[in-house]
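Asks: Here you go, one structure.
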Amino acid sequence: MLLSIPSPTTPRPRRHRLGIAAAVCAVTLGVLAPTTDATAAPRPPSPVSVAPDLGANVVVFSPDMPQADIQARADAIYAQQVDNEMGTQRYALLFKPGTYGSDANPLNIKVGYYTEVDGLGQDPSGVTINGGVTAVGRNGSGSLNTFWRSVSNLTIHVVPTDDACHTGNEMWAVSQAAPMRRVDVKEFTTFMPYCEDPNYASGGFVADSRLQGGALNGSQQQFFVRNSDVGTGWSNAVWNQVFSGVLNAPAQSFPNPPYTTLTATPASREKPYLYVDEGGAWRVFVPSAQTNSRGTTWANGHTPGRSLPLSDFHIARPGDSIATINSALAQGKNLLVTPGVYDVAQSIAIKRADTVVLGLGLATFTAQNGAVPMTVGDVQGVDIAGLTFDAGPVNSPALLRVGSGHEKGGKHQGTAANPTALQDVFFRVGGPHVGKATTSLEVNSDHTILDDVWAWRADHGVPGSVGWTVNTAATGVVVNGDDVIATGLFVEHYQRYNVIWNGERGRTVFFQNELPYDAPDQAAWRHDGLDGWAAYKVANTVRTHEAWGLGSYVYTNVNPSLHATQSFEVPDTPGVVMHSLTTVSLNKAGTIDHVINGQGTAAIGGVNDGQPQTVTTYTNGRAR
């Protein structure tokens, strides 16, 4: 049963405590026995299976290990990472198939910064944890900056421990860059940090999961659930709450209550994942693309897709040179990136179709000398997942460039059947150190899927790493490709347009934004006769575009008198349709004069703080 829960409180701007940087543990290169079967169907036991050496920061648990040892190791990592927000240590906690914990002796895995918790079964049923996998904030800040962690591919049977508040239900109270994927929760799930003071969160992302006992959302600014099953139902709406292809989701009712519900997800591709097959061989599974889909990919059997042996991967470690990584890619290898921070002074170049780049433990590529850390050529079917890209102190034109662009005949003719996809890919400009980048993500390839992307110009961090002239970044995401879809797009604090969409037939399902906090005055944040810059800009040349569930908030704490003319700008044409738009002013700091194109009531600092100003639909110059 659900514990007694306080009524949700009004969300507030994120408050911050700095973590302490720590050294990166060494990671060694693994030598793997090859396997050849690359189909999704069950296979006979592998004749040879050699466990990969993924380094000291990948911790592998098996059911035959003493539970006390598992609990102690997980607790020690959590104790190190709980306040390590801007640190350099990274961890992946991997559970081999089997059952962990019991009703009499539950296992509670607490998840701190830069920690990934994954089951290694082919399906979520392969690993069961009797206890909980818990993510919470810290008293004094709630869960407003509970970033950079994840849980995936396992079953959770919630068993209370002596900390009954956090584990009486499955509690995953998080903000951005903290996805829950491929998780089957048998009991009730809460995304509200009701044990903490304050008890609010910024809101997160769930995909390909089944929450059998239902779920509670509360005190968040926003939340997005895609291709899942919320069991007995969902309670509490927040400012911007979007469901796409979710069984048992609330009905469409925006703005009262503010649920935006799509029956099916137009296009999606689930994240690749590491698993151990029936014979003990380690492999990577790459799910197939889907269109107009509902529910989980594993409800009726194995997820459709292809299975790759680890012999097809170069296992990267922080000590690898970029020349070594690029040489492996040029030889046809995929890339498995072990936990750590990688300095990148020249681009990691993805040139082969269907290349898979999978990061573990939120592995981080940091630009050096103004480099673009990763580029993708004009090829189809590339999958990049589980990576963080950091700007360095010398300005980079971009941090990830997908496709070479449309100019001079370079347009990439992608296909819906084999799209390029990004899942759980995060960008930072400032925070752990000074960073500068003109654009974080540039998408030039057609038919690209952006699934849980957070581009963040830091509003807090290590002293000296944040400021209007310190961590400079014009735009978070620029989309030039056609037929691109974003399913879960979070873009915050950029100094000009946060998103610019130039491609045709673009679609966004859920968008979250905070405008920059730190503009010193209106003259510094103004252009072409307009105050501020819109959060989401669809180019005037675009004829067809559609988006659902977009939220933009203002909190100009350096100069609370600042205005933004509007949060959303689109061409007035019948083919551009925007659904469920929300703006909010926070804590008496800043005003958004209109929601979209000069229409919609103002979100005024000091007048209607915390009160959403909404437009249900906008198209062809008309708002309602």
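The values are calculated or read from the model by the stated rules, or taken from the named source; none is laboratory data. Remember, predicted model here, so these are calculated numbers, not experimental data. Virtual Cβ from ideal backbone geometry, glycine too; neighbours counted across all protein chains shown.
Asks: Quick one: is Gly359 without any contact (Cβ under 8 Å) to a residue 40 or more places away in the chain and under 15 Å from the mean Cα position of the chain (by Cα)?
Replies: For Gly359, the condition - without any contact (Cβ under 8 Å) to a residue 40 or more places away in the chain and under 15 Å from the mean Cα position of the chain (by Cα) - is met.
Asks: Right, something else. Checking Val484 against (1) in contact with a Pro (Cβ under 8 Å, 6 or more places away or on another chain); (2) in contact (Cβ under 8 Å) with a residue 40 or more places away in the chain: exactly one of these is not met. Which one?
Replies: Tallying (1) in contact with a Pro (Cβ under 8 Å, 6 or more places away or on another chain); (2) in contact (Cβ under 8 Å) with a residue 40 or more places away in the chain, Val484 fails exactly one: (1).
Asks: Where residues in segment 190-215 are of a type in the set (Ser, Thr, Tyr) and touching a Leu at 6+ places or on another chain (Cβ under 7 Å), which of them is surrounded by the most Cβ atoms within 10 Å (Cβ to Cβ)?
Replies: This residue is Ser202.
Asks: How many residues does segment 315-331 contain that are more than 20 Å from Val372 (Cβ to Cβ) and buried (at least 18 other Cβ atoms within 10 Å of the Cβ)?
Replies: Residues that pass the stated criteria total 2.
Asks: Shifting gears a bit: Tally up the residues in segment 138-160 that are in contact (Cβ under 8 Å) with a residue 60 or more places away in the chain, small (Gly, Ala, Ser) and either closer than 20 Å to Gln71 by Cβ or assigned to a strand (DSSP E or B) (or both), please.
Replies: Number of matching residues: 3.
Asks: Please specify each residue of segment 120-137 satisfying the condition of being without any contact (Cβ under 8 Å) to a residue 60 or more places away in the chain and either among the aliphatic types (A, V, I, L, M) or within 16 Å of Val60 (Cα to Cα) (or both).
Replies: Selection gives Val127, Thr128, Ile129, Val133, Ala135.
Asks: A further question follows. When you go through Ser7, Ser102, Ser62 one by one, which is the residue that is modelled with pLDDT of 70 or more, under 29 Å from the mean Cα position of the chain (by Cα) and surrounded by fewer than 21 Cβ atoms within 10 Å (Cβ to Cβ)?
Replies: After applying the criteria, what remains is Ser62.
Asks: Same structure, new question: Taking strands (runs of 3 or more DSSP E) that do not extend beyond segment 450-525, which have at least 1 residues that are assigned by TED's automatic domain parsing to the domain that holds Ala547 and among the aromatic types (Phe, Trp, Tyr)?
Replies: 485-492, 499-501, 506-514
Asks: Ok, one more. I'd like to check something: does segment 185-201 contain any residue that is on the phi > 0 side of the Ramachandran plot, modelled with pLDDT of 85 or more and in the same structural domain as Thr155 (by TED's automatic domain parsing)?
Replies: Scanning segment 185-201, I find no residue that is on the phi > 0 side of the Ramachandran plot, modelled with pLDDT of 85 or more and in the same structural domain as Thr155 (by TED's automatic domain parsing), so the answer is no.
Asks: Taking Thr232 as meeting all but one of (1) more than 29 Å from Gln613 (Cβ to Cβ); (2) touching a strand residue (DSSP E or B) at 6+ places or on another chain (Cβ under 8 Å); (3) among the polar types (S, T, N, Q), write down the number of the exception.
Replies: (2)
Asks: Report those strands (runs of 3 or more DSSP E) wholly inside segment 223-285 carrying at least 3 residues which are outside the structural domain of Leu144 (by TED's automatic domain parsing).
Replies: 259-262, 265-269, 273-276
Residue by residue, here is whether (1) β-branched (Val, Ile, Thr); (2) free of Cβ contacts under 8 Å to residues at least 60 places away in the same chain; (3) in a loop (DSSP other than H, G, I, E, B); (4) in contact with a strand residue (DSSP E or B) (Cβ under 8 Å, 6 or more places away or on another chain) holds:
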position: Lys537; (1), (2), (3), (4): no, yes, no, yes
position: Gly549; (1), (2), (3), (4): no, no, no, yes
position: Tyr553; (1), (2), (3), (4): no, no, no, yes
position: Thr556; (1), (2), (3), (4): yes, yes, yes, no
position: Gln566; (1), (2), (3), (4): no, yes, no, yes
position: Leu581; (1), (2), (3), (4): no, yes, no, yes
position: Thr601; (1), (2), (3), (4): yes, yes, yes, yes
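Asks: If you go through segment 394-404, how many residues are buried (at least 18 other Cβ atoms within 10 Å of the Cβ) and out of contact with any Asp or Glu (no Cβ under 8 Å at 6 or more places or on another chain)?
Replies: Qualifying residue count for the region: 1.
Asks: Read through the list (1) more than 24 Å from Ala92 (Cα to Cα); (2) touching a Leu at 6+ places or on another chain (Cβ under 6 Å); (3) at pLDDT 95 or above, then give the number of the only condition that Val246 fails.
Replies: Every condition holds for Val246 apart from (2).
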